[in-house]
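The values are calculated or read from the model by the stated rules, or taken from the named source; none is laboratory data. Everything numeric in this text was worked out from a predicted model, so none of it was measured. With ligands, DNA and RNA removed, areas are computed over all heavy atoms of the protein, side chains included. Shrake-Rupley method; radii C 1.70, N 1.55, O 1.52, S 1.80 Å.
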Amino acid sequence: GKTRVKTNPAAAKLPAAVPAPAEEPDEREPAGQGETSEFIGQVIYKIYFRQGTSAITANSEKKLAQVANTVKHYPDSMLKLTGYASPEDEGGEALAKDRADLVFKNLVSAKYGVPSDRIEVSHRLSKTSSNIVEIRMGGGE
């Protein structure tokens with residue numbers, strides 16, 4: 001497996017003349033040499049469902065793969081899933097929850113392998129965005 005060395009941002013800010021404390025090996029990397037990128041800002045993905053069901057559309061299946069790849073590229077990113085259903089849908093509240101849970105299960109499955117501790121799940125009823133699960137991706141706090 002790959003091991004990544006996380007540099008200590010505080011240590012990196014020390015003037016060059018001050019040696020690192022003797023008990024810590026000096027593992028600082030030259031600027032710009034880190035393997036991973038820091039995720040800045042926020043991206044919103046929408047996963048679409050067929051009206052009144054918790055069946056993901058084919059295009060949205062592709063979008064899940066895209067989300068999973070992006071998350072792997074930004075190891076400090078977090079996902080917030082919000083499942084939506086219309087108040088007019090039968091069992092709307094449960095449907096919204098099922099949709100969010102389904103997207104969560106897909107993302108953490110062996111197929112995509114997103115760590116579950118990087119995903120927050122919620123759901124709500126909405127007249128305007130009723131057949132979607134919204135995935136907000138942002139940097140880790």
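Multiplying the residue separation of Thr57 and Val43 by 0.36 nm and subtracting their alpha-carbon distance yields 3.0 nm.
Within the accessible surface of segment 69-141, defined with a 1.4 Å probe on protein heavy atoms only, the carbon and sulfur portion equals 49 percent.
Taking amide H positions as modeled 1.01 Å from N, with prolines and chain starts lacking one, the residues under 5 Å from Val114 and 5 or more places away or on another chain are Val108, Ser109.
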